[in-house]
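Undergrad: Input: one structure, supplied below.
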Amino acid sequence: MMNRRTVLSGALVSSIALLSAGGLAWAQAPAPYEPNQEMIEAAKKEGSVVWYTATDVQVSEKVGSAFEAKYPGIKVQVERSGSERVFQRISQEYGSNIHKADVIETSDAVHFILFKRQGWLQPAVPSDVAKSWPAQVKDPDGQFAAYRAHLSVIGYNTTQVKKEDAPKSHADLLDSKWRNRIVKAHPGYSGTIMTGTHALSEALGWDYFEKLGKQRIMQVQSSTEPPKKLAQGERSIMADGNEYNMFMLKESGVPVEVVYATEGTPIAIGHAGLLKNAPHPNAAKLFYAFLFSKDTQQLISDVGGLRSFHPEVKEKEGRTPLSKIKILYSDPAKLEPQIEDLKKKYEVNFGT
Amino acid sequence: MSVSISLPMPARRGRIDLSRPIFIVLALVLGLLVILPLFWLAYYSILDQNGQFSLANFSALVTDPTLRRPFLTALGMALGVGALSCMTATPLAWLVARSDLPGRTAIRALVTASFVTPPFLGAIAWEILAAPNSGLINVAYRSLFGLEAYEYLVDIYTFTGLVFAIACYTFPYVFTLVVNALERVPSDLEDASSMLGGQLSTTLRRVTIPLVLPAILAGTMIAILQALTMFGSPAILALPAGFHVITTKIWSLFQYPPKPGLAAAAALPLLIVTVMLLWGQARILGRRGYTTLGGKNSDPRISKLGRWRWLAIAFVVAVLLLTVLLPYAALIKTALTRTVAEPLTWSSFTLHHVNFVFFEFSATKLALRNTFLLGFMTATIGTAIALVIAYLVTRRSVPGSQMLGYLATAPVAIPGIVLGVGLFLSYSNPNLMLYGTLWILLIAFLTIEMPAGYQQLSSAFKSVHPELEEASRILGGNRMTTLRLITAPLLRSNVIATWCFVFIGTIRELSATILLTTSETKLVSVIIYDLNESGDLGAISVLGIMLLVISFAVVIIANRLPVLGGQRLPIAR
Amino acid sequence: MSYLELTRLSKMYGAHPAVKDVNLSVAKGLLVCLLGPSGCGKTTTLRLIAGFVEPSEGEIRVGGRMVSSPERSEPPERRNMSMIFQSYALWPHMTVFENVAYGLRLRKMSREDIVRRVEAILDVAKLKALASRYPGELSGGQQQRVSLARALVVEPETLLLDEPLSNLDANLREEMRFEIRRLHDQYRYTTVYVTHDQSEAMTTADLIVVMNQGRIEQAGSPEDIYKRPRSEFVAHFIGGANVLKGDRLSGDVVDVGGVVLRCGSGDFAAQGPTSVAIRHHDINLVTSAPAPGETNWVPGTVTRQVYLGSHRDYLVTLSNGDAIRTVTPADIAVPQGQAVWLHLPPEHCRALAH
């Protein structure tokens, strides 16, 4: 679900549209808002809210039902698919002047740079976001904010590798004893990994990847795959992959363990935004605020293993809290123009 | 001798010959199917990022090694697949069609099983079997010989592994064509050779093989082209091995930021190679007359294997084991155990995956419905169109009909993934919004399956003596009546085979599908691919087995239905 | 009044003419044979008449109605013809009954009507017992008769036959020849019959059309063709004749390599080369010299002699090197190498202008 799935259609449409996109909307961030009775009444009149999401279907369905329970009379239509599909679909619909979505959410921060450039987003800042979200993870103009985040971590299979032998850092992965033992996802197919590659290349320099490329790694596409390969025992070490998949596996008893590298761990941020042409503007605003509320954020942490920027969210037992992890951020605005170059360099070193 | 027939004879029905209007309609339909997406691809291939005319995409093909290498790799892979398919399928076909080997019907059914298997499913099955560390074969190998961890016997994540995994699912193309051809060679031709003192092997080499050579070549060519344009298996096996073939490279060009122009340009060498292959085949076939099904027929000759029997059995078992039995055993095992690695015992047995697929996974029902709906529609419409085109072309009944043949064959040169882009570009503009509906998939499948359907039926047409049709014409049947009452029934088994071919081709299509489905138009193949990304092998196995069972049921029913000619007529007596 | 009319008919395949400038008119109810060696254009002519091939030039009319021209060609199914094919072209997926009933079914006749007609024709063709068999289960002769029945049951105005007997063995062929003629006489459809076998043509045809290299060499009654060939090709192809090349001297006198022959019939070129044709069995062979002054006597030497039971076949070489074939009664035995005299009676010598 977090992979960068064949994009083409949406991206094509948007890149065509981008060529002709004229005026850009630059506005000041609006004042923070809280759901009020008036908004709830108006939303009830609208009757439903349409949510385009890339969050795991089980998690998003639970979020939807929680909203319906909290605001009876408003139905949530959860339209869940992979990040790139969501991107593709909205680009396409907007390209054809179809406005069906109220709130949109994907796991790829770069998408929101593009949405914003297109002027599709409605500035809105829920009070939770205004109060407690760090500046790096929300738009200064108030057009989007981090609904969720997940880390791309190192991991190992505990039956094949002893804790003391396990790598502690990215540098450890370059040890020749891990030749042929590492599985790794691909930045060309996964937004998470692209973000991570960007962050790591800034922190460690590209020659880290040059050396890693010589380790005869097993290359998979999506960032959800390395944890599964680890679980199968096909490879003993994963160089990158979704932390939340590791949580799920570990909590269901699979012998895998997460490593937070000493140099830092890349984070991938999934934004959510409110659409300017939302067909149900009030329900949309209500739902948008709901997404960032403490309860919802707690839910996605518990059920989905996702990271939240809400300070009151409590991490599950056994998970290292975000505050104790050295995090490597990647600025999507800086990343966007570099994507092509990174892919090219990656292919030179990794063969694909 | 004085019986006089003096009843008045009614006049012939003055019906108009529809072949010309049908020709025009078909030309338009095919043109739309083939030319429109190609036009958009061509258009994009000569544009740069800013929408200006530029040949940069084509020069990048030559100068950029990351584009050159995948092409050469793919070529090598395709030739390897072709050779392996041909070497396996030809002897197998002979054994099934012409020898006294026991269980020939069962062998045929099992080969069909490997044909029905989507190649990407096969690739996944082989991942389960032959991944160097977790692969079941390697696990068994280590425990059998008490070897250390990380020792392995086979590694599917290699170039040879990929060739093997693809050939497993392309050799049925050669097999089917060669078996059909072998069954049509009149035995008197072989008898003539034996009469002249030819040994079995001499007769085989000098008479039988040359007679079915066109079928062998045609089948091998299909296998090569299939491999060249295949996306699923390389996406699953080549990427972990650290190399690209041309299709995965093209796919990677559609990742963000997409470069459809470069991708379109990268499809050009594929087009050239394909055209060359087709041209070569036409030259080989064109030089000889192969009108074999005439007024007289005879039984195919059955050879006694004698002491070669056991060798033949060993060969057949090995082929079937590798292509069908082992992969499906692996899938069944994976479907019924919680994780891939644990052996299937009473305690590890679980219906968790079955339950998940049928009751928890919401996409299953819709995907199944879509898949089979599209399969039926594509097979029926596609076979009908291919039949008419093959007829018009082989009988040269309308001036310019050759062109239809080229149009119908052209999509073979377009990798599914590229076609997917072309179709998307063609049918997602506001005036013609088919994207997001099943129609765009139907169009994609019709286009993709047209070459195979057309090739099969046109070679079948060539084997029907034209006088059989002329006899109907002169007695008052126009072209379409003749096609319906004479030619189609004569080609009944070919028509059914083509229908099944297209049906199965549709069900296992992934490369164009993956670009054209949306959440409402999901297909089983896409679900499987999605599940593979999330590593859910158990669910994949359940879906895969179900796909096979249902496809098989359809094929069997199609072959048994009395309307479709299930009852055996002594045609080939 | 002619029924089937071919006017200046030509068919080109690329630059190669398969049929060239053919003019032919056939009266209703006649049986015409197109006779010639393979590749002479007779089958193409037949297929032009059937409508399987469209002409490059010229036209075909049937009963005054234009059916083929380069601009417009009526499809075969609209011509009310039937055809019998060399391969019989029986549909292997239909029984004998179904094969025969096919044409009637296309005419939307009632079920009972079809059954009645099919049974009647099967009776005529002695196929009644085989009605439910498939073609693959029949002998060659039976298949031939099914093919005939299938063609005749629709009561065509025109019947076309393409080498119908070439796949049968000799006895059956002879029998079928008469059968075809008998059926023709019974129903009197206009029939065009293609064959390369002259005796087949002789026994069946009202009118023989000899074709060569896409052209009509000669058309006429069997007797006409046989007795009065108008070209070397026809003389050779029909019945076997010696053709001696020479020059016309005057009137009916032709000089063939020093031998002077008077010819009783034929075309005499105004001037220049003229050949003389004479059939093998019209030549008398004697061992004693004829009386001097007699015309049309030629000396020669026997170079080959074959005993054929009913007669002997001789090859005699003339002094000018020409070889002449002749037959004699079986009891005239002349050994090889002996000098002989040949009498070529003027009434049998036919002059052929070049």
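The values are calculated or read from the model by the stated rules, or taken from the named source; none is laboratory data. Keep in mind that this is a model prediction, so the values were computed, not measured. Cβ coordinates were reconstructed from backbone atoms using ideal geometry, including for glycine residues, and neighbour counts include every protein chain displayed. All accessible areas refer to the heavy atoms of the entire protein, side chains included, with ligands and DNA or RNA removed. Shrake-Rupley method; radii C 1.70, N 1.55, O 1.52, S 1.80 Å.
Undergrad: Label the range A:111-233 by shape, choosing from rounded, prolate and oblate, from the square roots a ≥ b ≥ c of the eigenvalues of the Cα gyration tensor; if a/c is under 1.5 it is rounded, and otherwise prolate applies when a/b is larger than b/c, oblate when it is not.
TA: Numbers: a/c = 2.51, a/b = 2.22, b/c = 1.13.
Note, shape of the range A:111-233 comes out prolate.
Undergrad: Can you figure out the FRET efficiency of C:Ser110 with C:Glu57, using R₀ = 41 Å and their beta-carbon distance, to the nearest 0.05?
TA: 0.40
Undergrad: Before anything else, pin down the relative contact order of chain B: Cα pairs under 8 Å, at least 6 apart, normalised by residue count, whole percent. Please report the intermediate quantities before stating the final value.
TA: On the way: 782 pairs, mean separation 118.2, N = 573.
Relative contact order for chain B comes out at 21 percent.
Undergrad: Ignoring ligands, DNA and RNA, please state the percent of accessible area on the range C:242-353 from carbon and sulfur, probe 1.4 Å. Each step should come with its number before you reach the end.
TA: Details: 2830 of 5270 Å².
Its accessible area is 54 percent carbon and sulfur atoms.
Undergrad: Run down the aspartates and glutamates and flag those whose C-alpha is under 14 Å from the C-alpha of A:Lys44, throwing out any fewer than 8 positions away in its chain.
TA: Within the straight-line cut-off, A:Lys44 pairs with A:Glu68.
Undergrad: Can you pull the percent of chain A's accessible area that's carbon plus sulfur, 1.4 Å probe, other chains left in place?
TA: Working: 6440 of 12650 Å².
Roughly 51 percent of what the probe reaches on chain A is carbon or sulfur.
Undergrad: Moving to a separate point now. So, by mean Cβ neighbours within 10 angstrom, what's the order for C:277-287, B:380-390 with the highest one leading?
TA: B:380-390, C:277-287
Undergrad: I would also like to ask the following. What do the square roots of 5 times the Cα gyration tensor eigenvalues come to for the range C:2-227, in whole Å, largest first, as semi-axes of the equivalent ellipsoid? Walk me through the numbers before you get to the answer.
TA: Numbers: eigenvalues 170, 82, 49 Å².
The three semi-axes for the range C:2-227 are 29, 20, 16 Å.
Undergrad: For the protein assembly as shown, what does -39500 (n - 2.57) per DSSP helix run (n ≥ 4), summed and divided by total residues, give at 222 nm, in deg cm²/dmol to the nearest 500? Each step should come with its number before you reach the end.
TA: On the way: 49 runs with 601 residues, N = 1279.
Helices in the protein assembly as shown give a 222 nm mean residue ellipticity of -14500 deg cm²/dmol.
Undergrad: Which aspartates and glutamates have a Cα lying under 17 Å from the Cα of C:Lys108, excluding residues fewer than 8 positions away in the same chain?
TA: Those aspartates and glutamates meeting the cut-off are C:Glu77, C:Glu98, C:Glu155.
Undergrad: Right, something else. Quick one: plug the Kirkwood hydrodynamic radius of the range C:150-278 (C-alpha pairs) into Stokes-Einstein at 37 °C, 0.692 mPa s, and report D in µm²/s.
TA: Values: Rh = 16.9 Å.
Answer from the Stokes-Einstein relation: 194 µm²/s.
Undergrad: Using a 10 Å cut-off on Cβ to Cβ distances, tally the other chain neighbours for every residue of C:67-79 and report the average as a whole number.
TA: Values: counts 0, 0, 0, 0, 0, 0, 0, 1, 8, 12, 15, 9, 4.
Mean partner shielding for this stretch: 4.
Undergrad: Any chance you could run the full-extension gain for B:Tyr150 through B:Ala329? It's 0.36 nm times the residue separation minus the Cα-Cα distance, nm to one decimal.
TA: Numbers: separation 179, 0.36 × 179 = 64.44 nm, distance 2.36 nm.
My answer for the length gained is 62.1 nm.
Undergrad: Here's another thing I want to ask about it. At R0 = 60 Å, how high is the FRET efficiency between C:Tyr187 and B:Arg369 if r is their beta carbon distance? Nearest 0.05 is fine. Intermediate results must be reported in sequence, preceding the final value.
TA: On the way: r = 61 Å, r/R0 = 1.02.
Plugging the Cβ-Cβ distance into 1/(1 + (r/R0)^6) gives 0.50.
Undergrad: At what distance in nm do the modelled label points of A:Trp206 and B:Ala83 sit from each other, each positioned 7 Å from its Cα along Cα→Cβ?
TA: Going from the A:Trp206 label point to the B:Ala83 one covers 3.8 nm.
Undergrad: Can I ask one more? Label the range B:43-156 by shape, choosing from rounded, prolate and oblate, from the square roots a ≥ b ≥ c of the eigenvalues of the Cα gyration tensor; if a/c is under 1.5 it is rounded, and otherwise prolate applies when a/b is larger than b/c, oblate when it is not. Kindly include the intermediate steps, with their values, before the conclusion.
TA: Numbers: a/c = 3.02, a/b = 1.55, b/c = 1.95.
Oblate, since a/c reaches 1.5 and b/c is not below a/b.
Undergrad: Now, a different point. So, for chain B, what is the accessible surface per residue at a probe of 1.4 Å, expressed in square angstrom? Don't jump to the answer; show the numbers that get you there.
TA: On the way: 22720 Å² over 573 residues.
Spelled out: the 1.4 Å probe surface of chain B, per residue, equals 40 Å².
Undergrad: Can you tell me the accessible area per residue over chain C, all protein chains present, probe 1.4 angstrom, in square angstrom? Let's see the in-between values first.
TA: Values: 14430 Å² over 354 residues.
Value for chain C: 41 Å² per residue.
Undergrad: Before we go on, tell me the buried accessible area for the B/A pair, both chains summed, 1.4 Å probe, in Å² to the nearest 100.
TA: Counting protein atoms only, the buried area is about 4300 Å².
Undergrad: Hey, another quick one. When you count, for each residue, the other Cβ atoms within 10 Å and take the mean per peptide, how do B:235-243, C:179-187, C:9-17 rank with the highest first?
TA: Details: B:235-243: 24.6, C:179-187: 17.3, C:9-17: 14.4.
Going from most to least packed, we get B:235-243, C:179-187, C:9-17.
Undergrad: I would also like to ask the following. From other protein chains only, count the Cβ atoms within 10 Å of every residue's Cβ in A:335-347, then give the mean.
TA: On the way: counts 0, 2, 1, 0, 3, 3, 0, 0, 6, 2, 0, 0, 6.
Other-chain Cβ atoms within 10 Å of each residue's Cβ, averaged: 2.
Undergrad: Among the Cys residues of chain C, which have no other cysteine Cβ under 4.7 angstrom away?
TA: C:Cys33, C:Cys40
Undergrad: Right, another one. Report the relative contact order of chain C, percent, no decimals, based on alpha-carbon pairs under 8 angstrom and at least 6 residues apart.
TA: Details: 766 pairs, mean separation 54.3, N = 354.
Relative CO of chain C lands at 15 percent.
Undergrad: Give the separation of the Cα centroids, the range C:74-104 to the range A:78-114, in Å.
TA: Computed from Cα coordinates, the inter-centre distance equals 64 Å.
Undergrad: Please compute, over every Cα-Cα pair in chain A, the percentage with a separation greater than 30 angstrom. Walk me through the numbers on the way to the answer.
TA: Details: 21966 of 61776 pairs.
Cα-Cα pairs in chain A separated by more than 30 Å: 36 percent.
Undergrad: Now for a different question. Give me the 1.4 Å probe accessible area per residue for chain A, excluding ligands and nucleic acids, in Å².
TA: On the way: 12650 Å² over 352 residues.
Ligands and nucleic acids excluded, the figure is 36 Å² per residue.
Undergrad: Please state the relative contact order of chain A as a whole percent: Cα pairs under 8 Å, 6+ residues apart?
TA: Relative contact order comes out at 26 percent.
Undergrad: Per-residue mean of other chain beta-carbon atoms within 10 angstrom of the beta-carbon, peptide B:127-134? Write down the numbers at each step before the final one.
TA: Values: counts 3, 1, 0, 0, 6, 4, 11, 6.
Average neighbour count from other chains, rounded to a whole number: 4.
Undergrad: With the crude spin-label approximation of a point 7 Å out along Cα→Cβ, what separation in nm comes out for B:Thr160 versus A:Ser132?
TA: Each label point lies 7 Å from its Cα, and together they span 5.9 nm.
Undergrad: Let me ask you something else. What residue among C:Ser110, C:Ser56, C:Ser147 has the largest mean-square fluctuation in a Gaussian network model of chain C, using Cα springs under 10 Å?
TA: Highest fluctuation among the options: C:Ser110.
Undergrad: Further, regarding this structure: Got a sec? Which residues of the range B:237-251 lose 30 Å² or more of accessible surface with every protein chain in place, vs. that chain alone, 1.4 Å probe?
TA: Residues losing area: B:Leu239, B:Pro240, B:Gly242, B:His244, B:Trp251.
Undergrad: Quick one: Cα centre-to-centre distance for the range B:237-264 and the range C:207-221, in angstrom?
TA: If you average the Cα positions of each part, the centres end up 70 Å apart.
Undergrad: Hey, another quick one. So which residues of the range A:69-118 lose at least 40 Å² of accessible area, probe 1.4 Å, when you go from the chain by itself to every protein chain present?
TA: Buried on complex formation: A:Arg85, A:Gln92, A:Ser96.
Undergrad: At q = 0.06 Å⁻¹, what is the base-10 log of I(q)/I(0) for the protein assembly as shown according to the Debye formula with one equal point scatterer per Cα and no solvent? Please give it to two decimals.
TA: -0.67
Undergrad: Could you run the numbers on buried accessible area between C and B, total for both chains, 1.4 angstrom probe, in Å² to the nearest 100?
TA: Details: alone 16340 and 26880 Å², together 39220 Å².
The buried area between C and B, both sides summed, comes to about 4000 Å².
Undergrad: Which residues belonging to the range C:154-174 lose at least 30 Å² of 1.4 Å-probe accessible area when the assembly is complete, relative to their chain isolated?
TA: C:Glu155
Undergrad: First measure r as the distance between the Cβ atoms of B:Ser348 and A:Asn349, then evaluate 1/(1 + (r/R0)^6) with R0 = 51 Å and state the FRET efficiency to the nearest 0.05.
TA: Details: r = 41 Å, r/R0 = 0.80.
Result of the calculation: an efficiency of 0.80.
Undergrad: Does chain B come out rounded, prolate or oblate, given a ≥ b ≥ c as the square roots of the eigenvalues of its C-alpha gyration tensor, rounded meaning a/c under 1.5 and, failing that, prolate meaning a/b above b/c?
TA: Details: a/c = 1.66, a/b = 1.23, b/c = 1.35.
Oblate.
Undergrad: Could you rank the peptides C:168-174, A:328-334 by their average count of other C-beta atoms within 10 Å per residue, with the highest value first? Don't skip to the answer; put the middle values down first.
TA: Numbers: C:168-174: 13.4, A:328-334: 16.9.
Ranking the peptides C:168-174, A:328-334 by packing returns A:328-334, C:168-174.
Undergrad: I would also like to ask the following. Of the heavy-atom accessible surface of chain B (probe 1.4 angstrom), what whole percent is carbon and sulfur?
TA: Ligands and nucleic acids excluded, carbon and sulfur give 68 percent.
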